[in-house]
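Have a look at the structure below before the remarks.
The values are calculated or read from the model by the stated rules, or taken from the named source; none is laboratory data. The model shown is predicted, which means the values in this text are computed figures rather than measured ones. For neighbour counting, all protein chains shown are included, and Cβ atoms are generated from backbone atoms with ideal geometry for every residue, glycine included. Protein only, heavy atoms only, side chains kept; ligands, DNA and RNA dropped before computing areas. Shrake-Rupley method; radii C 1.70, N 1.55, O 1.52, S 1.80 Å.
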2 protein chains.
Amino acid sequence: MATAAVQVPSHNRLEPGSNQLKPATYPATNDPPKADVHKIASEWAASLNEALSSQDYENIKQLFLQGSCWRDQLALSWDYHTFNGPEKIISFLRSSPHGSRIKSISIDDSSTLHSPHVSAADFDGKVNGVGSFLKIETDVGKGPGIVRLLQDQQDGGSWKAFTLFTTMHELKGHEETVRGNRPHGVAHGGKPGRKNWQERRTATENFDGDMEPTVLILGAGQGGLTSAARLHQLGVPTLIIDRNPRVGDNWRNRYHQLVLHDPVWYDHLPYVPFPSHWPIFTPKDKLAEWFESYAKLLELNVWTQTNLESASWDGSKRQWTVNLERKKADGTIEKRTLHPRHVIQATGHSGEMSFPQIKGMEDFKGDRLCHSSQFKGANSDSKGKKAIVVGCCNSGHDIAQDFYEHGYDVTVVQRSSTYVMSSKEGLDVLLAGLYEEGGPDTEDADLMFMSIPNAMLKRMHVDATKEIARRDADLLAGLQKAGFKLDNGPDDAGFFMKYFQRGGGYYIDVGASQLIIDGKIKVKQGQEIMEVKPHGLLFADGSELEADEIVFATGYLNMRGTARKIFGDDIADQVNDVWGFDEEGELRTMWRRTGHPGFWFFGGNLALCRYFSRMLALQIKALDAGIMKYEDP
Amino acid sequence: MATAAVQVPSHNRLEPGSNQLKPATYPATNDPPKADVHKIASEWAASLNEALSSQDYENIKQLFLQGSCWRDQLALSWDYHTFNGPEKIISFLRSSPHGSRIKSISIDDSSTLHSPHVSAADFDGKVNGVGSFLKIETDVGKGPGIVRLLQDQQDGGSWKAFTLFTTMHELKGHEETVRGNRPHGVAHGGKPGRKNWQERRTATENFDGDMEPTVLILGAGQGGLTSAARLHQLGVPTLIIDRNPRVGDNWRNRYHQLVLHDPVWYDHLPYVPFPSHWPIFTPKDKLAEWFESYAKLLELNVWTQTNLESASWDGSKRQWTVNLERKKADGTIEKRTLHPRHVIQATGHSGEMSFPQIKGMEDFKGDRLCHSSQFKGANSDSKGKKAIVVGCCNSGHDIAQDFYEHGYDVTVVQRSSTYVMSSKEGLDVLLAGLYEEGGPDTEDADLMFMSIPNAMLKRMHVDATKEIARRDADLLAGLQKAGFKLDNGPDDAGFFMKYFQRGGGYYIDVGASQLIIDGKIKVKQGQEIMEVKPHGLLFADGSELEADEIVFATGYLNMRGTARKIFGDDIADQVNDVWGFDEEGELRTMWRRTGHPGFWFFGGNLALCRYFSRMLALQIKALDAGIMKYEDP
């Protein structure tokens, strides 16, 4: 740690090898249009529909502004793309073996929210145009889309797309078993030898007899559960394995005071939304109970206390051979060999903690030295003891607050800088109009969010971050006065971009900032740790801090490292790096093909898992049904 | 059983002492109105609002048709009433110490479904008028209503109410903790000694220290769970006790093939609706899992393996003293004495089985003789054995079908007659427009259903029952040919009225009828059982039937009998009879004051529990908060 070369300033640090996406620029400002927005959107959609079906690339080009983006998820290809500008758009369409895939595209008039309406493309509401949800049908599927149209001042004020978002929600002929397609639940009539639901359920869960899962998922957190739920609804036999005794233990085992920092409206899982009485911020054990119920109610097949002993890939058969050891309820170990066609690594970031090795660590004589993932909570009989928390992001702050509440003398070590926003103001600004009480349906909110290509989101969030800072001015000033170093995130784009580009580096304030301002939590700023002493830490400036307990809230390593540990070099070498943006501004390798057939990464917060679980399940179902080939573009 | 004097024909049999409600009659038929329905409804509501606030009884009378009903649940009084005709309406309003309680009543324009619309008052759509949802505010609460207006041909075609339904959904100042009023979930800021959610939850569930439940509920079935859920959202500390080891065992322990006969759209519980993937008909073990999750997710306090050892009522303190024995997870027994102010008996019908004592029963030498509630399923190694099922309602048919599927030679004994409708046609007709895929929100559907006073519902169901019989013609003819005796329910009003007035006497066909038609299940019709022989049954006509197994699917006794068994004569003598209609056509004693302060009955199918749990919780909350007095009208 003391030797880490910090060349890029902390706020702009990225996942290694990923692209530092530049924020987009806006076209000229425009007042809200007074013309017939329904006509504008319908005509634009009809023109695109016509141009696509006649492969009239020149006309397609005319329907997009310079500086516009077409973002697509699985409608145009079996991947995620953002095409920047008309040239890149038609270049892709020309080269695609499937053409555009799109058979029809039209405006969606099914509700006030969906129908054409006045819509701003920027955060401040100065760049106005027309927005509309779209209905899309491709050669293989159906899905929604969203377009934002602005007037092209260089082309006589004609209406052109500034952003177009297209996606696929269902494969034709393989629709989910929900609503009108739900199971009947009872086989009417007298069928001799009929098993009841419980008997069938138990046999399925255990993969009795010759049953084999098509998909094996490692980890029963939000990633494993949501992807299993989607696959189940598409009729793909799926098994989740987890090392813990109970579903939800990955949350139960975390620190005592942990409560989700995202609000309930943003956190819904697929199919079973949180009910109306659910608290805004879910405590960890309550989330664990939800997960446990979720697995049962969705009839997910989960083997707890199960380890993956070995896994090998047969490239010619396109299937895995995995050896599992499952501890049964009676304490015996069952060994099983299965042959899934897909393995999803949904072990979360917490598989591999980032725990720096520092000189003297093993000789620490205090009560505890551990990583935040190992921290079970401050002790109630340790009043007056000295605690140090290394790391100033969400976990570090929560743990410092826990120490303070238990009467410790606590110091946080902040080596670089942190993006801080208050939970209230930050979430109010960032989630407004999308994820809030009385807001749109979650599925609509997700589409509205996804419909903004990341370069444009980054640009909007520069303004949003300014607005949050304005509202949080007193808090931020107080922190700086207390010696806490703040930043504004990558290119000043704040919270979301830190999350997407780096996976950390922020604190959503739920109280610890005021404790820092009040001096109740002390700050050691800007110094690397040189050595762990028997009773404290020695810093680069020669100063020392005493400690009875030291917690390293230093985050987690890249998921690819976990893949290497579980599956070995042979597999991991074929897999691409995960997280951070690619050149188009899409997140790398996550929820999409990884470079190794039949191997997938799945992770993210609850919202990302909710959304991308559908995308992943559709890819696997399409492969499984022969609609997609692994080598397809 | 052999001595039971059957004077009333089976189809008209009632809960003893209850009122054989006469079906209503309709006014003249009318084509759908062409006038402005919004204006018609608004003007009528404004007139009623004005007349109520000025206590102008003559004008109120003018706003109701002869033969109309005003049905009210807790808005006008702390009880359930149906006032038949203008005279009874104003007679009640004149005599009520609170006046009408209603401070304002107006049409609800919040959605297409709620707004004034053309609406038929009859089943066939020949008696047309204007319907609208209403918004009501009383001196203490708020709630919705529904009015159906028809033209009075005796009064120049002026628009008058044919049915008015008013109810209360919330007590002002005591709103439920849902949606905008949901809990925050985290106490921001550093609070020394702060407990986390799990610690608080465990303490609450155990009623640690001095904590006392305000309400004690006996039974963790749908009645106990739904009423606890509603009370919890109103902030009333509530404890459910149940004798079984796990929540849901009351369903798990029932017969092997049991699947709900009502469809999912009708079965939703409050706050946590069944998700979109849920099967139409829920198997018993799946329902049990739902119940178990429901209790956890709503944070209901349930003590399983707990018995009520004794209970006494202190009339002056208005509180109970109850002694409980709770078996803990470690096998030890904890004795607790608690002092709730209310006890809700939600033991279901299954507390006391109706198991006739017949000569020779104890000398039966076959493999099994039991009540349907004790029947765990046919044996898989008993092919060719002879089984008799006594009783031809839902359970009897399901059990006979189970025997058939396991290769038994099975006969059902039908002593009187049964109302039969196929699940598909019956539910299609009876639940159409209310509880179906893509139908109204469940809360709206419930209001639409409740808004029809029972005499009018009975009239509509005479026609509905005819329509179902028309669709089921082949099935019914086949049954009659097979010697199975059919009826059409009380006053030919079919299924719902049999359920309301008698609590049984019907079969919703899910396959067994065809087995009867095909002779795969035999029928012994019209004969009482004289004696149980060592290897069969002897009937009144002198015939005998051999049997290795005999199951009495003979239903359950009145809940008041269970009250007597649990609480003794002193309490039971003060309690009124349960189920069946009172003189106004409202169900007796259930979900409303029972005659004994602090003692309540709660039961019914999932739909009734969903709906009336709110009503019961509001009464208890109003008593608890001093808004209502037990002696209030």
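The residues on offer are A:Ser310, A:Ser293, and the sole one that is among the small types (Gly, Ala, Ser), more than 8 Å from every other protein chain (Cβ to nearest Cβ) and either over 30 Å from A:Gly598 (Cβ atoms) or in contact with a strand residue (DSSP E or B) (Cβ under 9 Å, 6 or more places away or on another chain) (or both) is A:Ser310.
When the range B:135-187 is filtered for residues that are within 14 Å of chain A (Cβ to nearest Cβ), hydrophobic (A, V, I, L, M, F, W, C) and either part of a strand (DSSP E or B) or in contact with a Phe, Trp or Tyr (Cβ under 8 Å, 6 or more places away or on another chain) (or both), the ones remaining, listed by number, are B:Val178, B:Val186.
Being within 14 Å of chain A (Cβ to nearest Cβ), part of a loop (DSSP other than H, G, I, E, B) and among the aliphatic types (A, V, I, L, M) is the requirement here; does B:Ala203 meet it?
Values: within 14 Å of chain A (Cβ to nearest Cβ): yes; part of a loop (DSSP other than H, G, I, E, B): no; among the aliphatic types (A, V, I, L, M): yes.
Criteria not met by B:Ala203.
Per the conditions (1) under 25 Å from B:Ala378 (Cα atoms); (2) without any contact (Cβ under 8 Å) to a residue 40 or more places away in the chain; (3) away from chain A (no Cβ under 13 Å), the sole criterion not satisfied by B:Pro283 is (3). Residues in the range B:188-200 that are modelled with pLDDT of 90 or more and at the interface with chain A (Cβ under 7 Å from one of its Cβ atoms): B:Asn196, B:Trp197, B:Gln198. In this structure, is A:Ser416 outside any helix (DSSP H, G or I), hydroxyl-bearing (Ser, Thr, Tyr) and either more than 10 Å from every other protein chain (Cβ to nearest Cβ) or touching a Ser or Thr at 6+ places or on another chain (Cβ under 8 Å) (or both)? Judged against the criteria, A:Ser416 is a match. Checking each residue in the range B:233-257 for being open to solvent by less than 10 Å² (accessible area, probe 1.4 Å) and at the interface with chain A (Cβ under 9 Å from one of its Cβ atoms) picks out only B:Gln233.
When we screen B:Gly224, B:Gly131, B:Gly219 for residues that are away from every other protein chain (no Cβ under 14 Å), among the small types (Gly, Ala, Ser) and in contact with a His (Cβ under 8 Å, 6 or more places away or on another chain), the only hit is B:Gly131. So, in the range B:608-632, exactly how many residues are open to solvent by 10 Å² or more (accessible area, probe 1.4 Å) and either of a type in the set (Gly, Ala, Ser) or more than 26 Å from B:Met448 (Cβ to Cβ) (or both)? The qualifying residues number 9.
Filtering B:Arg246, B:Arg230 for residues that are more than 30 Å from B:Asp139 (Cα to Cα) and either under 26 Å from the mean Cα position of the chain (by Cα) or in a loop (DSSP other than H, G, I, E, B) (or both) leaves a single hit, B:Arg246. Taking the criterion of being of a type outside the set (Phe, Trp, Tyr) and open to solvent by less than 30 Å² (accessible area, probe 1.4 Å), the residues of the range B:441-452 that qualify are B:Asp444, B:Ala445, B:Asp446, B:Leu447, B:Met450, B:Ser451, B:Ile452.
Could you say whether any residue in the range A:86-102 is assigned to a strand (DSSP E or B) and either under 20 Å from A:Asp152 (Cβ atoms) or under 28 Å from the mean Cα position of the chain (by Cα) (or both)?
Within the range A:86-102, one or more residues are assigned to a strand (DSSP E or B) and either under 20 Å from A:Asp152 (Cβ atoms) or under 28 Å from the mean Cα position of the chain (by Cα) (or both).
Scanning the range A:118-134 for residues that are under 17 Å from A:Arg71 (Cα atoms) and part of a strand (DSSP E or B) returns A:Gly131, A:Ser132, A:Phe133, A:Leu134.
If you check A:Glu437, A:Glu425, which single one turns out to be outside any helix (DSSP H, G or I) and within 14 Å of another protein chain (Cβ to nearest Cβ)?
Values: A:Glu425 fails: outside any helix (DSSP H, G or I).
The unique qualifying residue is A:Glu437.
So which residues in the range B:28-56 are over 19 Å from B:His114 (Cα atoms) and outside any loop (DSSP other than H, G, I, E, B), if there are any at all? B:Asn30, B:Ser47, B:Glu50, B:Ala51, B:Leu52, B:Ser53 - these are the residues of the range B:28-56 that are over 19 Å from B:His114 (Cα atoms) and outside any loop (DSSP other than H, G, I, E, B). When we screen B:Ser53, B:Ser47, B:Ser110 for residues that are without any contact (Cβ under 8 Å) to a residue 60 or more places away in the chain, open to solvent by 70 Å² or more (accessible area, probe 1.4 Å) and over 30 Å from the mean Cα position of the chain (by Cα), the only hit is B:Ser53.
Among the residues of the range A:527-546 satisfying the criterion of being small (Gly, Ala, Ser) and touching a strand residue (DSSP E or B) at 6+ places or on another chain (Cβ under 7 Å), which is farthest from the other protein chains (Cβ to nearest Cβ)? Break it down stepwise before answering.
The initial filter retains those residues of the range A:527-546 that are small (Gly, Ala, Ser), namely A:536, A:540, A:542-543.
Pick out the ones that are also touching a strand residue (DSSP E or B) at 6+ places or on another chain (Cβ under 7 Å) and you get A:536, A:540.
Values: A:Gly536: 23, A:Ala540: 29 Å.
Filtering first and then ranking leaves A:Ala540.
Per the conditions (1) within 11 Å of chain B (Cβ to nearest Cβ); (2) touching a residue at least 40 places away in the same chain (Cβ under 8 Å); (3) not β-branched (Val, Ile, Thr), the sole criterion not satisfied by A:Gln305 is (1). Evaluating B:Ile508 against the criteria (1) open to solvent by 10 Å² or more (accessible area, probe 1.4 Å); (2) within 14 Å of chain A (Cβ to nearest Cβ) leaves one unmet condition, (1). The residue pairs whose first member lies in the range B:183-194 and is closer than 16 Å to A:His256 by Cβ and exposed (fewer than 14 other Cβ atoms within 10 Å of the Cβ), whose second member is modelled with pLDDT under 75 and acidic (Asp, Glu), and whose beta carbons are closer than 6 Å, counting only pairs six or more residues apart or on different chains, do not exist in this structure.
Selection over the range B:264-273 of residues that are buried (at least 22 other Cβ atoms within 10 Å of the Cβ) and either more than 9 Å from chain A (Cβ to nearest Cβ) or of a type outside the set (Val, Ile, Thr) (or both) gives a count of 4. Annotation note: of A:Gly221, A:Gly180, the sole residue that is without any contact (Cβ under 8 Å) to a residue 12 or more places away in the chain and either crowded, with 18+ Cβ neighbours inside 10 Å or within 30 Å of B:Glu437 (Cα to Cα) (or both) is A:Gly180. Taking residues in the range A:309-329 that are within 17 Å of A:Ile217 (Cβ to Cβ) and exposed (fewer than 13 other Cβ atoms within 10 Å of the Cβ), and partners anywhere that are of a type in the set (Asp, Glu) and at pLDDT 95 or above, the pairs with Cβ atoms closer than 8 Å and at least 6 places apart or on different chains are A:Glu309/A:Glu325.
Yes or no, residue by residue, for (1) surrounded by fewer than 23 Cβ atoms within 10 Å (Cβ to Cβ); (2) among the β-branched types (Val, Ile, Thr); (3) at pLDDT 95 or above:
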| residue | (1), (2), (3) |
| --- | --- |
| A:Met559 | no, no, no |
| A:Thr562 | no, yes, no |
| A:Asn576 | yes, no, no |
| A:Phe599 | yes, no, yes |
